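Novice: Provided herewith is a single structure, encoded as structure tokens, for subsequent inquiry.
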Amino acid sequence: MIPARFAIRETMGLVVMGAALFWSAGEIGWPAAWALIAVTAGWVVSTAIVILRYNPELLAERLGPRKGAKRWDTTIIGVYGLLQLAALIVAGLDRRYGGTAGFPEALQAIALAVCVLGYALTVWATASNAYFSQIVRIQTDRGHQVATGGPYQYVRHPAYTGTILTCLAVPLLLASWRALAIGAAGALLIVLRTILEDRTLMAELAGYPEYARQVCRRLIPGLW
């Protein structure tokens with residue numbers, strides 16, 4: 001039952017993505033949009049595989065009631081979702097009205113690779129963290145512990161690093177400078193979420209301050 005609910009939710013997400021892209025573009029023959037949908041579908045399937053293999057109870061956590069969720073996080077998630085949708089629609093409108101003409105194809109290819117990298121990093125983090133919820137909450141009901149393996153050896157919030165990469169890469173893949181501005185706003189929102197979540201974990205999760213002293217960087221190894 002839970003896997004079916006997860007599959008339905010993620011499939012609907014892909015449908016909404018496709019609708020936003022192709023409706024705003026006024027066509028379905030848009031290779032970059034199909035590439036984005038394919039890569040995103042790959043991320044969804046990969047996420048399901050690693051959760052079912054390594055942390056199957058995480059499915060229920062992601063689908064269940066969000067008890068203990070931080071209000072600021074709920075707000076950030078809502079705004080971030082709207083920004084993602086807006087970026088897709090703006091990119092589609094640019095496609096329809098010629099705003100993507102002359103965009104460097106090489107840059108689109110690089111953006112596709114970065115998008116794949118961002119998704120892969122997020123999947124790696126999901127496989128390495130049994131408490132990888134989609135909301136910020138201390139999961140006392142699940143015996144929440146600090147994740148230290150996989151990419152968490154290098155930065156404290158590797159999934160956010162991956163998310164920021166995709167925020168910036170998706171508009172470039174879709175050949176839209178205007179959508180890139182929206183993507184940049186989404187990336188800044190993720191940086192804010194990183195700061196607030198890190199403070200929460202420092203204050204409320206046992207063992208996290210010690211871990212933070214060992215892994216000093218939040219998002220970028222050697223920098224921040």
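Novice: Could you tell me which chymotrypsin sites (Phe, Trp or Tyr not before Pro) in region 133-188 are loop residues by DSSP with no more than 15 other beta carbons within 10 angstrom of their beta carbon?
Specialist: Within region 133-188, the qualifying chymotrypsin sites (Phe, Trp or Tyr not before Pro) (loop, at most 15 other Cβ atoms within 10 Å) are Tyr154.
Novice: Right, next: As a check on your grasp of the helix formula, calculate [θ] at 222 nm for the chain: sum -39500 (n - 2.57) over DSSP H runs of n ≥ 4, divide by the residue count, round to the nearest 500.
Specialist: Roughly -23500 deg cm²/dmol at 222 nm, from the helical runs in the chain.
Novice: So how do Ile110, Ile135 line up by other beta-carbon neighbours within 10 Å, fewest first?
Specialist: Ile110, Ile135
Novice: When the dipole is taken about the Cα centre of region 94-184, and only Lys, Arg (+1) and Asp, Glu (-1) are charged at their Cβ, what size is it in debye, to the nearest 20?
Specialist: The calculated dipole for region 94-184 is roughly 160 debye.
Novice: Now for a separate question. How many percent of the alpha carbon pairs in region 1-114 exceed a separation of 25 Å?
Specialist: 36 percent
Novice: Using +1 at the C-beta of Lys and Arg and -1 at the C-beta of Asp and Glu, which of Gly118, Ala179, Trp72 has the Cα lying farthest in the positive direction of the dipole of the chain?
Specialist: Of the options given, the answer is Trp72.
Novice: Rounding to the nearest 20 debye, state how big the charge dipole of region 2-214 is about its Cα centre with +1 on each Lys and Arg Cβ and -1 on each Asp and Glu Cβ.
Specialist: Details: 17 positive and 12 negative charges, 74 e Å.
With only Lys, Arg, Asp and Glu charged at Cβ, the dipole is about 360 debye.
Novice: Using 1/(1 + (r/R0)^6) with R0 = 25 angstrom and r between the beta carbons of Glu27 and Glu105, what's the FRET efficiency to the nearest 0.05?
Specialist: Once the sixth-power term is evaluated, E becomes 0.85.
Novice: Pick from Pro151, Pro104, Pro171: which is most flexible by mean-square fluctuation in a GNM of the chain where alpha carbon atoms under 10 Å apart are linked?
Specialist: Taking springs between Cα atoms under 10 Å, the residue moving most is Pro104.
Novice: Counting other Cβ atoms within 10 Å of each Cβ, which chymotrypsin sites (Phe, Trp or Tyr not before Pro) in region 96-137 have at most 15 and sit in a DSSP loop?
Specialist: Tyr97
Novice: Taking R0 as 25 Å, what's the FRET efficiency between Ala60 and Leu82 from their Cβ-Cβ distance, rounded to 0.05?
Specialist: 0.40
Novice: While we're on this one: Convex hull over the alpha-carbon atoms of region 98-207: what's its volume per residue in Å³?
Specialist: About 93 Å³ per residue, rounded to a whole number.
Novice: Give me Val15, Val114 sorted ascending by neighbouring Cβ count inside 10 Å, so fewest comes first.
Specialist: Fewest to most other Cβ atoms nearby, the residues stand as Val15, Val114.
Novice: Once both labels are modelled 7 Å past Cα along the beta-carbon direction, what's the Gln139-Met202 spacing in nm?
Specialist: Result for the modelled spin labels: 2.4 nm.
Here, each number is a calculation from the coordinates, and none is a lab measurement. Here the structure is a predicted model, which means the values were calculated and not measured. Every residue, glycine among them, receives a Cβ derived from its backbone with ideal geometry; neighbour counts consider all protein chains shown.
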